[in-house]
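Have a look at the structure that comes next, please.
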Amino acid sequence: MLTANKFALQNIYHQRFRSLIFFFLVFIASTCIFGTDVFMENMESGVKYAENKIGADIIVVPSDYSDDAKEVLFEGNACTILFRESPAEELKTVEGVKHVSEQLYLETLKMDCCSAAGVQIIAIDIHSDFAVGEWLKNKGIETLGADEIIVGSDCGLQVDDKIGFYDNIFRVAAVLEETGMGYDESAFISFEAADKITADPQYKDMFDEKTGLSSMVLIDVDEGYEADTVRKNIISNFYNDGISVYSTSKLAEKLVSQVNYFRYLSYIMNAFVILLAAVALFSLITITFHQRRNHVGSLLSVGIGKKKIIQVFLLEYIYLMFAGIIAGIVLTIIFFMPLHSVIKQSLNLPYKFIGFDRVALLSLKTIVINFVILLLAASLSFYRIMKYEPAILAEEQA
Amino acid sequence: MKGEIKLMNLRVDNISKKFGKNGLKETGFLLEQGDYLCITGQSGCGKTTLLNIVSGMLYPDTGDVYLDDKSIFNDMKEKERTQLRNHTIGYMMQGNSLIPDLTVWQNIVCPIELTGKRADKTEVEKLLERLGIDNVCESYPSEISGGEYRRVLLARILMLDTGILLVDEPTSNLDEKSAVIVREVLNEIHVKKGTSLIVVTHDKDFFSYNPKRLNLE
């Protein structure tokens, strides 16, 4: 039986070139709309995650290394940061400071691991660290032995793998989930393990055989205190002591402004793509409707109603559009997934996969945009055709 | 060609339509149930225009068309006029009005099946055989000859089983053997079913069936 559905599919098959052009236009539009959406949301998700995962209100670093500290936190560029003398104990006495915890940042000397730029080793005290330590504990990681290491998601290592840093062999105790920031290319060890490295005479030039070294002090402020007020208190107490004090919200603000730049760029690109796709689809639909005016007239002459005719034509476009959208979305996912780490490393900004539920929502958005364009174009084209009397349409030669 | 068909009187009341210098001058006639009318006239006198108006596919400048005293332009909405062409006034147009993306078979059953009914396969096969086009049913319109094309158009409209049939130049481009078949088929449905016929033609052989004649000037 010849149904509207079969009619539409036969039109697609018989007009292969026209169908292919339509499919390709939708495919390109969907790839651009969906691709820029996923890219932007990955970045925004990275920034949000970074804000949450720094976990501290204030960060204190040696002033000589302040740029390095930002890079290590958000971009994953490995480096070694050292206080001449840790200010942790004195910081505890500043008004408004609730908790203080220290971290030691060491860059690997050799390319023993996954990253060509070297791996960032971070020594933490899993019990007292309220930033990373707390987060690790939430993931069920309660202890960290002297010969154990926890690696970031982008290190390419599995649990129980063995890896050597500074002539020490560590067993991978856990692999963290993606954070979208520098932690993804970092490895976490205990202070006990770090002391063993820094006290080693062969690294005397770097660490002077010292133990208890520190790179960064993370501060949690008391309730009722603004982070910025406490930051100012610290600066006034430690004036000229060679430290830089940052409130993490200020650091995040800079990130947000950088991401915003990309966001506006993507809005412009998205608007341009949608406009281009709308014009192209609109033109194609209008042209093909115009070409098929005599088909409309012919169907009207044998008593097929307008509703049925538009149903046949719309079904044809809907099938092609759906195929184009699915192809666009699938190809974007295929492209983005394997290149996720490469994009993250080349961006120098937090970048975290948004998850498949969000991807599904963005797919839906892409579908809706395309279908709105289709419905508008088809409605207007059909309205223009239907202004003519059936006899005039039927006499038109294709 | 099955079931009971709806027979009605058709009254054409002083209709006219201008297209530049040409067009249809004021014309009127009454087509009673079972009448057979042949319309002749020179090119440009408005024969096709007359059929377009009678089928409700074109508004006249003046006059009206009545189906059992109901005006098809004033008493019917466009949707009703469209439905009319599916069950009351069948119209075989002169031009290339087959859908190029459908096969001959699909073109023939399309007016029935797209309105939700199922075409009787045996009826279609019989009709195709009777019109001598059973060998092209899986072909596309672009793959058949001009003569076959005309017969497919006729088959498409005959399948609708309407009480009134408007046929525009049914034997043009046909060889004599095919033209005879077409004339006989039209006469058969006129005689056996009482279908009212309006045939626009230059083919004088239609006059052998003693139709009413209307010559347009």
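The values are calculated or read from the model by the stated rules, or taken from the named source; none is laboratory data. What you are looking at is a predicted structure, and each value in this text was computed from that prediction instead of being measured. FYI the Cβ positions are ideal-geometry reconstructions off the backbone, even for glycines, and counts take in every protein chain you see.
Would you confirm, using the coordinates I've provided, whether B:GLN94 is at the interface with chain A (Cβ under 7 Å from one of its Cβ atoms) and either out of contact with any Lys or Arg (no Cβ under 6 Å at 6 or more places or on another chain) or under 30 Å from B:SER178 (Cβ atoms) (or both)?
Values: at the interface with chain A (Cβ under 7 Å from one of its Cβ atoms): no; either out of contact with any Lys or Arg (no Cβ under 6 Å at 6 or more places or on another chain) or under 30 Å from B:SER178 (Cβ atoms) (or both): yes.
For B:GLN94, the condition - at the interface with chain A (Cβ under 7 Å from one of its Cβ atoms) and either out of contact with any Lys or Arg (no Cβ under 6 Å at 6 or more places or on another chain) or under 30 Å from B:SER178 (Cβ atoms) (or both) - is not met.
Okay, moving on. Quick one: is A:ALA377 over 30 Å from B:LEU160 (Cα atoms), of a type in the set (Gly, Ala, Ser), surrounded by fewer than 17 Cβ atoms within 10 Å (Cβ to Cβ) and touching a helix residue (DSSP H, G or I) at 6+ places or on another chain (Cβ under 9 Å)?
Numbers: over 30 Å from B:LEU160 (Cα atoms): yes; of a type in the set (Gly, Ala, Ser): yes; surrounded by fewer than 17 Cβ atoms within 10 Å (Cβ to Cβ): no; touching a helix residue (DSSP H, G or I) at 6+ places or on another chain (Cβ under 9 Å): yes.
In short, no.
Can I ask one more? Are any of the residues in region A:289-306 away from every other protein chain (no Cβ under 14 Å), closer than 17 Å to A:TYR383 by Cβ and at pLDDT below 90?
Looking for residues that are away from every other protein chain (no Cβ under 14 Å), closer than 17 Å to A:TYR383 by Cβ and at pLDDT below 90, one finds at least one in region A:289-306, hence yes.
Next question, about the same structure. Name the single residue that is farthest from A:GLU389 (Cα to Cα) among those in region B:79-91 being more than 8 Å from chain A (Cβ to nearest Cβ) and assigned to a helix (DSSP H, G or I).
B:GLU80
For the condition touching a strand residue (DSSP E or B) at 6+ places or on another chain (Cβ under 9 Å) and either within 12 Å of chain A (Cβ to nearest Cβ) or in contact (Cβ under 8 Å) with a residue 40 or more places away in the chain (or both), what is the one hit in B:ILE157, B:ILE112? If you could, list the steps in order and put the result at the bottom.
Numbers: B:ILE112 fails: touching a strand residue (DSSP E or B) at 6+ places or on another chain (Cβ under 9 Å).
Only one candidate qualifies: B:ILE157.
Conditions tested, residue by residue: (1) among the basic types (Lys, Arg); (2) more than 22 Å from A:ALA394 (Cβ to Cβ).
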{"site": "B:ARG85", "(1), (2)": "yes, no"}
{"site": "B:THR88", "(1), (2)": "no, no"}
{"site": "B:GLN94", "(1), (2)": "no, no"}
{"site": "B:CYS110", "(1), (2)": "no, no"}
{"site": "B:LYS121", "(1), (2)": "yes, yes"}
{"site": "B:GLU129", "(1), (2)": "no, yes"}
{"site": "B:LEU166", "(1), (2)": "no, no"}
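Applying the selection to region B:48-78, what residues are farther than 13 Å from B:LEU166 by Cβ and in a loop (DSSP other than H, G, I, E, B)? Working first, answer last.
Keep residues of region B:48-78 that are farther than 13 Å from B:LEU166 by Cβ, which gives B:59-64, B:66, B:68-71, B:73-78.
B:TYR59, B:PRO60, B:ASP61, B:ASP68, B:ASP69, B:PHE73, B:ASN74, B:ASP75, B:MET76, B:LYS77 - these are the residues of region B:48-78 that are farther than 13 Å from B:LEU166 by Cβ and in a loop (DSSP other than H, G, I, E, B).
A further question on this structure: I'm trying to understand the selection: among the residues of region A:1-54, which are within 14 Å of chain B (Cβ to nearest Cβ), part of a helix (DSSP H, G or I) and either under 30 Å from A:SER341 (Cβ atoms) or of a type in the set (Ser, Thr, Tyr) (or both)?
A:TYR13, A:SER19
Something else: Tell me which of these B:LYS70 doesn't satisfy, since it passes every other one: (1) away from chain A (no Cβ under 13 Å); (2) in contact with a helix residue (DSSP H, G or I) (Cβ under 8 Å, 6 or more places away or on another chain).
Unmet for B:LYS70, out of (1) away from chain A (no Cβ under 13 Å); (2) in contact with a helix residue (DSSP H, G or I) (Cβ under 8 Å, 6 or more places away or on another chain): (2).
Anything in region B:160-175 that is more than 25 Å from B:GLN33 (Cβ to Cβ) and either of a type in the set (Asp, Glu) or within 12 Å of chain A (Cβ to nearest Cβ) (or both)? List them, or say none.
If the condition is that a residue be more than 25 Å from B:GLN33 (Cβ to Cβ) and either of a type in the set (Asp, Glu) or within 12 Å of chain A (Cβ to nearest Cβ) (or both), then B:ASP175 is the only one that fits.
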